[in-house]
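The values are calculated or read from the model by the stated rules, or taken from the named source; none is laboratory data. Computed from a prediction, not measured in an experiment: that's the story for all the values here. Cβ: placed from backbone, ideal geometry, glycine included. Neighbour counts: every protein chain shown. Just the protein is used for accessible areas: all its heavy atoms, side chains included, with ligands, DNA and RNA removed. Shrake-Rupley method; radii C 1.70, N 1.55, O 1.52, S 1.80 Å.
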Amino acid sequence: MASRGSRPKPQSIPLSLEGIQQNQRVWLVKLPKYLSQQWSEASGSGEVGKLQIAKNQGKSEISFILNKELTDIRGTDGQPAPVIAPREHQLVLQGVRGQVLTALIERAPDQLSLEGTVVHRGECRPALNENYMRLKRRQIEESSKPARTVQKLEKVVTTNYKPVANHQYNIEYEKKKKENGKRVKADKDQVLTLLFAAFEKHQYYNIKDLVGITMQPVVYLKEILNEIGVRNVKGPHKNTWELKAEYRYYLAAAKSE
């Protein structure tokens with residue numbers, strides 16, 4: 001076990017210098033995600049496009065033209081999407097500003113090879129044409145789709161999600177009833193839920209009916225009823241229970257909302 005505050009031991013990966021040319025100079029260019037994905041699909045010679053270097057008022061302008069066969073964008077289902085990748089891209093380069101950067105390539109599993117020294121850092125920017133705008137619109141639509149969607153079933157599913165004939169909670173409850181020979185106290189919140197649901201249907205209940213609805217001991221049930229209800233001792237509803245006025249008002253407000 002590592003001691004508190006200790007750092008994990010760094011992993012050692014072999015670095016090969018075989019095949020490297022002395023003072024080899026490379027560019028470190030940031031690519032758009034779609035472009036790197038299209039490059040990974042290149043086959044055969046591995047050619048992905050062409051670089052064009054031109055002079056404009058003494059300054060070099062560098063552009064990259066993607067091969068036409070790599071412009072087909074595929075959707076998440078592997079089928080061709082109704083958009084294509086832009087072919088024209090501009091390379092904007094700048095110096096490394098005194099930094100010493102090197103490029104490493106993983107030529108074999110767990111083995112790195114030194115490719116060269118980075119002399120320019122840059123960014124590959126697509127031309128803002130109609131193809132690029134369609135691609136960006138599609139990317140926004142894909143990212144805004146919810147991870148989970150509701151689907152309408154045309155027929156009943158019989159392979160999964162079969163209903164349970166008797167839940168484990170009910171089995172344990174019945175077992176306790178047989179072992180104890182009497183009704184088992186349930187959680188107070190569960191009893192309150194059953195009582196409120198019953199009083200939404202009828203205003204008056206006798207204690208026997210409430211015992212049958214909640215399946216609770218009489219003494220325990222009366223303790224809960226004394227908190228939320230009143231027992232009528234006279235009138236046409238003598239010996240019945242009803243909710244206190246404040247709870248009847250609450251239920252009426254909830255229904256109106």
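What ranking of Tyr169, Tyr204, Tyr34 comes out by heavy-atom accessible area, probe 1.4 Å, highest first? All intermediate terms of the calculation are to be shown ahead of the outcome.
On the way: Tyr169 125, Tyr204 75, Tyr34 15 Å².
The ranking, largest first, comes out as Tyr169, Tyr204, Tyr34.
Give me the extension gain from Asn23 to Gln151: residue separation times 0.36 nm, minus the current Cα-Cα distance, reported in nm with one decimal.
Numbers: separation 128, 0.36 × 128 = 46.08 nm, distance 5.99 nm.
Residue separation times 0.36 nm, minus the Cα-Cα distance, leaves 40.1 nm.
Between Thr117 and Leu93, what is the FRET efficiency for a Förster distance of 22 Å, r being their Cβ-Cβ separation, to the nearest 0.05? Provide the component values of the computation, followed by the final result.
Working: r = 15 Å, r/R0 = 0.69.
With R0 = 22 Å, the Cβ-Cβ based efficiency is 0.90.
Near the amide H of Val96, under 5 Å away, which other amide H atoms are found, from residues 5 or more places off or on another chain, if H is placed in the peptide plane?
Residues meeting the amide H criterion: Arg121.
I'd like the Karplus ³J(HN,Hα) series for region 229-241: coefficients 6.51, -1.76, 1.60, θ = phi - 60°, whole numbers in Hz, and an x wherever there's a Gly or Pro.
Result, ordered by residue: x, 10, 9, 6, 9, 7, x, x, 10, 4, 6, 10, 10 Hz.
May I ask for the distance between the Cα centers of region 133-152 and region 195-249, given as a whole number of Å?
54
Report, by chain and number, residues whose modeled amide H sits under 5 Å from the one on Val83, excluding near sequence neighbours (fewer than 5 apart, same chain).
Ile73
Rank-order 58-70, 146-158 by packing density, defined as the average count of other C-beta atoms within 10 Å over each peptide's residues, highest first. Could the numbers behind the result be given before it?
Working: 58-70: 13.9, 146-158: 5.6.
Ranking the peptides 58-70, 146-158 by packing returns 58-70, 146-158.
Where Lys and Arg each count +1 and Asp and Glu each count -1, what net charge lies around Leu93 among other residues with Cβ under 13 Å from its Cβ?
Numbers: positive: Arg25, Lys30, Lys59, Arg97, Arg121, Arg125; negative: Glu61, Glu123.
Once positives and negatives cancel, what remains is +4.
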